[in-house]
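The values are calculated or read from the model by the stated rules, or taken from the named source; none is laboratory data. Computed from a predicted structure; not experimentally measured. Quick reminder, even Gly has a Cβ in these numbers, built from the backbone with ideal geometry, and neighbours come from all protein chains shown.
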Amino acid sequence: MLFTRCSCVHEYMDVYAEVQSSDPAELINSPFGGRYCGPIPPRRRISLYRAIALSFYTDKNSTTPDIFEGRYAFINETEYEIGQPVIGLPCSYVINFAQKRTGAIISPTYPGAYPKDMSCTYQFIGKPSQRVRIEFRDFDLFFGGPHCPFDYVRVFDGPDNTSAVIGTYCGQQRNLVLYSSEHYLFIHFSTLQRTANTQNRGFKGIFEFSESFVKLDFIRENDGMHIRGSECDQKILSKKESTGFVYSPNYPFPYIPKVVCRYFVYGMQDAQNLERVKLEFSIFEIPKGEHKDKSESNCTDGYLKVYLKGQEVADAYDKFDHELCGGELPHAVISDGPRLVMVFSSGELQGRGFKAKYTFETEYKIPGTAAPDGTCSFTYRSTSRKKGEFNSPRYPSNYPSETNCSYVFLATPNEQVTIVFDHFKVKADGANTTGGAYGASVCFEDWLEMYVLYRDGTDRFLGRYCSLTAPGPVESPRGAVGIRVVLHTDLENVASGFKARYIFETAKSVFGDCGGNFSGEDSGIVTSPNFPANYDGPGKGLASRACNWYITARIGYKILLNFDYFAIEGEPATRGCAAAVMRLWLSPDSDMPPIEMCGEKPAMEHWQYVTQGQTARISFTSADKAIGAQVSQHRFTRVYY
């Protein structure tokens with residue numbers, strides 16, 4: 001058992017493993033190797049030089065022979081002479097390929113506990129066509145944390161400690177294999193001066209200089225970056241919607257057998273950008289190898305495994321999405337997120353390898369048929385799918401700034417499309433939204449617009465929305481081809497955006513589910529369905545219920561609308577009219593958008609509207625999430641103009 005000097009008082013053993021002289025008087029100048037007492041013996045010790053001293057102390061008058069027992073042996077020191085010693089340093093060496101192409105690298109006193117306050121260096125020098133490989137087969141250093149602040153092995157990709165760092169290692173390491181990028185490698189082994197003793201044994205491994213390791217020129221400078229310490233792994237980072245090529249090792253020549261290279265292709269992912277990776281092959285030849293069962297399609301020799309879902313983060317390389325081999329050109333693949341990883345293993349057989357083009361595309365995370373040019377444009381056709389969802393880019397995360405997105409919903413001639421918003425938050429920091437966020441005068445930063453599309457190629461503007469004012473449910477008119485939704489964001493600040501649903505249904509009459517036509521009458525009353533009882537929502541399985549009223553005065557007259565009672569669920573300023581809405585067109589034949597209304601009219605307020613001409617149109621639409629209210633009663637009267 002290991003104790004401090006103060007703990008072991010009556011009986012103990014001191015160990016000195018860094019003794020340079022056999023003179024007992026020199027012990028006072030030798031580093032102290034630890035004091036031990038109790039029932040647990042010290043771990044194995046190997047001298048740093050040619051001597052070990054043990055000092056036993058007891059204050060008892062008599063002792064028994066079984067207090068301690070150990071074994072010693074004199075071993076050949078050549079195992080610890082890694083290369084040409086550096087004068088004045090007890091454990092630093094220069095290893096030159098001319099003297100040794102392969103050999104062992106071993107820490108001082110391995111496998112005994114290594115000394116404290118020690119600095120050892122190992123400089124490997126090959127010839128220009130070579131690379132250096134280090135394989136640590138046993139590695140046991142004191143672990144002081146992930147950054148190795150105490151004892152460590154630091155490996156440099158070059159001739160000295162000013163070169164780029166491959167990595168810093170401590171604790172226990174398994175399968176630690178490192179390669180230099182060129183013909184130099186430098187290793188620094190450092191242990192901290194401290195009072196507490198450690199019992200770690202250090203490291204042992206092998207090194208090799210070779211011209212046969214993968215040449216790194218297949219990693220094109222403008223495309224990829226070699227991952228230091230690996231034989232041929234590379235990382236490719238997006239430069240924003242950039243494109244380039246990846247190649248098999250030694251391309252365009254046949255690849256080298258028994259090589260494993262990994263390709264990490266990473267698109268942008270931050271508050272402003274999100275990309276996915278598209279991979280298209282133009283050359284592919286990786287021999288499959290013979291298989292006893294001809295029905296088997298597995299790649300028994302070389303292969304290229306493709307990972308599309310970020311499996312490498314969890315080190316789940318057994319869960320690949322595609323395993324490719326043979327001579328057929330694979331189809332294009334697209335990552336599910338910003339990361340795509342490939343693992344190429346060459347096996348025993350040689351082949352031409354592969355060449356593939358990667359493209360970083362903006363990832364909007366919007367369901368629907370995307371535009372082929374990569375813009376934020378999506379189409380939803382009734383012939384493909386009758387209902388579904390759509391959303392702002394990256395919902396529920398914030399949408400990016402400086403973006404324009406288009407969503408087009410196309411119905412067949414005997415159908416209508418209904419759109420219902422379930423979440424809505426579009427940035428309007430500088431706007432006064434106390435009365436609701438509608439129109440260009442309020443929504444001038446980020447906004448959402450809706451249009452009705454007609455078969456002659458024209459469209460009709462429905463409205464502009466922002467802030468928390470969700471658009472009311474909208475149903476395309478009979479005879480229209482569909483609806484277009486547009487999202488615009490400016491340069492500054494963002495919000496969570498929107499989530500909405502669409503459904504294509506059989507076309508209703510021009511009046512919808514209810515409604516009517518008033519023509520040439522001097523006055524009249526329009527009420528919501530079931531008034532004064534609550535209105536109904538749509539039937540089971542339907543997206544909305546719509547009522548359309550058309551009012552036409554005689555020539556020379558306008559129409560005055562007075563609202564006697566109005567209560568529709570919703571509140572324009574705080575949540576909009578997402579469940580139910582009344583739209584009022586005061587000039588149905590012009591491009592003027594309708595007035596969108598929900599909430600409740602105070603009893604003492606007078607709501608009056610006058611049309612611009614002799615016609616008016618009123619529509620009431622409730623979505624499947626509406627809970628029902630009394631809605632409205634309003635009178636219309638003709639007025640002269």
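On the given criteria, is residue 621 of a type outside the set (Phe, Trp, Tyr), under 19 Å from residue 516 (Cβ atoms), modelled with pLDDT of 90 or more and over 46 Å from the mean Cα position of the chain (by Cα)? Write out each step before concluding.
Details: of a type outside the set (Phe, Trp, Tyr): yes; under 19 Å from residue 516 (Cβ atoms): yes; modelled with pLDDT of 90 or more: yes; over 46 Å from the mean Cα position of the chain (by Cα): no.
No: the conditions fail for residue 621.
Would you confirm whether or not the range 73-81 contains a residue that is within 21 Å of residue 176 (Cβ to Cβ) and in contact (Cβ under 8 Å) with a residue 40 or more places away in the chain? Looking for residues that are within 21 Å of residue 176 (Cβ to Cβ) and in contact (Cβ under 8 Å) with a residue 40 or more places away in the chain, one finds none in the range 73-81, hence no.
Quick one: is residue 187 out of contact with any helix residue (DSSP H, G or I) (no Cβ under 7 Å at 6 or more places or on another chain) and under 19 Å from residue 305 (Cβ atoms)? So residue 187 does not fit the description; no.
Restricting attention to the range 193-225, which residues are among the hydroxyl-bearing types (Ser, Thr, Tyr), loosely packed, with under 14 Cβ neighbours inside 10 Å and touching a residue at least 60 places away in the same chain (Cβ under 8 Å)? Scanning the range 193-225 gives a single hit, 195. There is no residue in the range 3-25 that is part of a loop (DSSP other than H, G, I, E, B), touching a residue at least 12 places away in the same chain (Cβ under 8 Å) and aromatic (Phe, Trp, Tyr). For the range 444-503, name all the residues that are of a type in the set (Asp, Glu) and touching a residue at least 60 places away in the same chain (Cβ under 8 Å). Hits for the range 444-503 are 475, 490, 492.
A Cβ distance below 8 Å, combined with a sequence gap of six or more or placement on separate chains, defines the contacts here; from the range 256-284, residues that are outside the structural domain of residue 234 (by TED's automatic domain parsing) reach no residue that is among the hydroxyl-bearing types (Ser, Thr, Tyr) and assigned to a strand (DSSP E or B).
For residue 349, the criteria (1) outside the structural domain of residue 261 (by TED's automatic domain parsing); (2) among the hydrophobic types (A, V, I, L, M, F, W, C); (3) in a loop (DSSP other than H, G, I, E, B) hold in every case but one, which is (1).
Of all the listed residues (312, 296, 285, 361), the sole one being charged (D, E, K, R) and modelled with pLDDT of 95 or more is 285.
On the stretch given as the range 576-591, residues that are surrounded by 13 or more Cβ atoms within 10 Å (Cβ to Cβ) and either over 21 Å from residue 434 (Cα atoms) or under 42 Å from the mean Cα position of the chain (by Cα) (or both) total 10. The residues on offer are 356, 370, 314, and the sole one that is of a type in the set (A, V, I, L, M) and surrounded by fewer than 15 Cβ atoms within 10 Å (Cβ to Cβ) is 314. With the requirement that a residue be part of a loop (DSSP other than H, G, I, E, B) and touching a Cys at 6+ places or on another chain (Cβ under 6 Å), what does the range 163-187 give you? Passing the criteria: only 170.
Please verify whether the range 491-504 includes one or more residues that are closer than 22 Å to residue 376 by Cβ, over 35 Å from the mean Cα position of the chain (by Cα) and part of a loop (DSSP other than H, G, I, E, B).
Step one: list which residues in the range 491-504 are closer than 22 Å to residue 376 by Cβ, which gives 491-502.
With the extra rule that they be over 35 Å from the mean Cα position of the chain (by Cα), the set shrinks to none.
Scanning the range 491-504 turns up no residue that is closer than 22 Å to residue 376 by Cβ, over 35 Å from the mean Cα position of the chain (by Cα) and part of a loop (DSSP other than H, G, I, E, B).
From the list 357, 319, the one residue that fits, being assigned by TED's automatic domain parsing to the domain that holds residue 235 and assigned to a strand (DSSP E or B), is 357. So is residue 637 part of a strand (DSSP E or B) and at pLDDT below 90 or not? Yes, satisfied.
Checking residue 34 against (1) free of Cβ contacts under 8 Å to residues at least 60 places away in the same chain; (2) within 23 Å of residue 63 (Cα to Cα), only one condition comes out false. Which one? It is condition (1) that residue 34 fails.
So which residues in the range 521-574 are of a type in the set (S, T, N, Q), closer than 19 Å to residue 474 by Cβ and not in a loop (DSSP other than H, G, I, E, B)? Please lay out each step first, then the result.
Of the range 521-574, the ones of a type in the set (S, T, N, Q) are 523, 527-528, 530, 534, 544, 548, 552, 562, 574.
From the residues that got through so far, the ones that are closer than 19 Å to residue 474 by Cβ too are 528, 544, 548.
Matches in the range 521-574: 544, 548.
Scanning the range 7-26 for residues that are among the aliphatic types (A, V, I, L, M) and surrounded by fewer than 11 Cβ atoms within 10 Å (Cβ to Cβ) returns a single hit, 25.
Checking each residue of the range 140-151 against the condition of being under 28 Å from residue 177 (Cα atoms), without any contact (Cβ under 8 Å) to a residue 60 or more places away in the chain and either of a type in the set (D, E, K, R) or not assigned by TED's automatic domain parsing to the domain that holds residue 189 (or both) gives at least one match. Just wondering, is there one or more residues in the range 57-77 that are within 30 Å of residue 123 (Cα to Cα) and not in a loop (DSSP other than H, G, I, E, B)? Yes.
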